[in-house]
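For reference, the structure discussed in these notes is given below.
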Ligand code: 5AD
Ligand code: SF4
């Protein structure tokens with residue numbers, strides 16, 4: 001029996017799919033190469049923007065023909081989308097050929113749900129699920145050298161545009177000993193890079209009986225033998241402490257990169273977004289980070305067209321982008337999410353204006369990214385080889401400590417290893433290099 005998982009969304013979702021994969025393989029299922037040969041197809045969905053939801057609905061509609069051809073095929077939908085009651089209602093009514101709807105916290109029940117739907121031939125829905133952390137779920141890692149480790153689930157921040165706290169629930173931290181045990185096992189299994197995951201890693205540990213800070217956790221992870229690189233996402237500017245900057249500076253395994261979503265450069269918009277910091281505070285953090293870690297790469301997320309955003313607000317964002325010089329930025333048009341405060345705000349912005357602002361923002365940022373990459377020409381970067389390059393099967397591809405994508409010629413035997421690469425041809429989205437001894 002074979003399964004296929006289709007994943008949308010953030011790294012958290014990609015990691016959840018590794019757990020779903022682990023559960024399926026423990027049941028005896030093997031990964032399928034194609035949808036056609038699958039006995040179970042699982043869609044792990046995202047709802048952070050409307051576009052993501054639209055793509056999932058399109059995919060579910062497409063999969064109807066597979067169900068018609070193969071009545072034994074099981075179609076399951078999970079992830080953030082199904083945590084919204086109106087989505088469950090819509091799928092149950094309009095897409096009744098979906099066999100299983102299961103919640104993010106019910107992955108351990110998947111074997112039981114598959115069994116029920118096979119026996120009864122009826123759809124099953126299991127969404128609720130308690131917030132206790134299941135420490136015993138199997139994980140099928142997608143990469144042999146680089147592993148993702150969740151440190152917190154959920155989010156308490158309620159940024160006014162964001163659906164995540166509603167679908168992923170309140171913030172719950174894993175115990176440091178559980179996290180450390182997992183990382184030690186990963187190190188023994190040969191993993192060399194650890195990526196710590198949470199919606200806001202900087203608030204890690206506040207909810208524990210014996211509180212532990214994120215910088216304290218980072219220092220403990222830094223002491224695990226065998227691990228060579230540590231990364232973490234995502235940081236929230238309001239919780240980024242001086243203690244964290246010092247830990248990043250001191251811990252040699254912590255990579256010189258931070259993803260620090262700014263979302264807007266206008267104080268008026270930041271306040272309406274409920275972000276709880278100002279542009280001045282954000283810029284001060286950038287100074288502190290660069291002061292402590294001179295070659296640090298800083299990346300960000302930016303939303304344009306938030307309700308009430310004026311041309312002046314947008315220009316404040318452009319100006320901040322030019323002042324900070326991000327290494328790269330994920331840029332988004334604001335997308336109205338049902339149930340969030342921003343969806344009810346007056347002065348929603350027209351799509352034409354959003355598109356225009358997005359284009360102008362991307363032009364400015366692309367030029368900065370390109371110019372920053374150009375400065376790397378001739379430098380030697382330590383690269384963790386992740387696999388064969390997507391654009392050219394004759395090349396390898398990997399990431400520098402600053403998280404730049406670097407392609408170069410080399411033997412597949414190097415996959416999973418650290419190599420030194422000289423940058424010979426920088427581009428906007430990747431760098432071309434050659435291995436040096
Ligand atoms: N519209 C547009 N972008 C959004 N993000 C989150 N919610 C929305 C929304 N409603 C963006 C934020 C966040 C990233 C993961 O997605 O920039 O940091
Ligand atoms: Fe959403 Fe804000 Fe939480 Fe990030 S910190 S997941 S943007 S609510």
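General observations
- Selected residue (only one of 186, 180, 197 is within 20 Å of residue 136 (Cβ to Cβ), modelled with pLDDT of 95 or more and within 16 Å of ligand 2 (Cβ to nearest atom)): 197
- Residue within region 154-173 that is more than 12 Å from ligand 2 (Cβ to nearest atom), farther than 22 Å from residue 47 by Cα, part of a loop (DSSP other than H, G, I, E, B) and at pLDDT 95 or above present: no
- Search result, residues across region 174-205 that are in a helix (DSSP H, G or I) and either within 15 Å of ligand 1 (Cβ to nearest atom) or in contact with a strand residue (DSSP E or B) (Cβ under 9 Å, 6 or more places away or on another chain) (or both): 179, 182, 183, 186, 187, 201, 202, 203
- Filtering region 253-277 to residues that are more than 27 Å from residue 350 (Cα to Cα) and either more than 13 Å from ligand 1 (Cβ to nearest atom) or not in a strand (DSSP E or B) (or both) leaves 253, 254, 255, 256, 257, 258, 260.
- Residue selected from region 278-304 under the condition within 14 Å of ligand 1 (Cβ to nearest atom), crowded, with 18+ Cβ neighbours inside 10 Å and closer than 26 Å to residue 343 by Cα, by the criterion farthest from the chain's Cα centre (by Cα): 282
- Screening region 11-30 for residues that are closer than 14 Å to residue 1 by Cα and buried (at least 16 other Cβ atoms within 10 Å of the Cβ) and picking the one that is nearest to the chain's Cα centre (by Cα) gives 21.
- The set of residues from region 289-305 being part of a loop (DSSP other than H, G, I, E, B) and closer than 16 Å to residue 259 by Cα comprises 293, 294, 295, 296.
- Failed criterion for residue 389 (all others in (1) more than 16 Å from ligand 2 (Cβ to nearest atom); (2) farther than 18 Å from residue 428 by Cβ; (3) in contact (Cβ under 8 Å) with a residue 12 or more places away in the chain hold): (2)
- Search result, residues across region 31-62 that are over 26 Å from the mean Cα position of the chain (by Cα) and surrounded by 13 or more Cβ atoms within 10 Å (Cβ to Cβ): 38, 39
- In region 306-315, of all residues being assigned to a loop (DSSP other than H, G, I, E, B) and surrounded by fewer than 21 Cβ atoms within 10 Å (Cβ to Cβ), the one that is farthest from ligand 1 (Cβ to nearest atom) corresponds to 310.
- Residue that is farthest from residue 252 (Cα to Cα) [pool: residues in region 398-409 that are free of Cβ contacts under 8 Å to residues at least 60 places away in the same chain and surrounded by fewer than 20 Cβ atoms within 10 Å (Cβ to Cβ)]: 409
The values are calculated or read from the model by the stated rules, or taken from the named source; none is laboratory data. All values derive from a computational prediction rather than experimental measurement. No Cβ is skipped: glycine too gets one built from the backbone with ideal geometry, and neighbour counts run over all protein chains shown.
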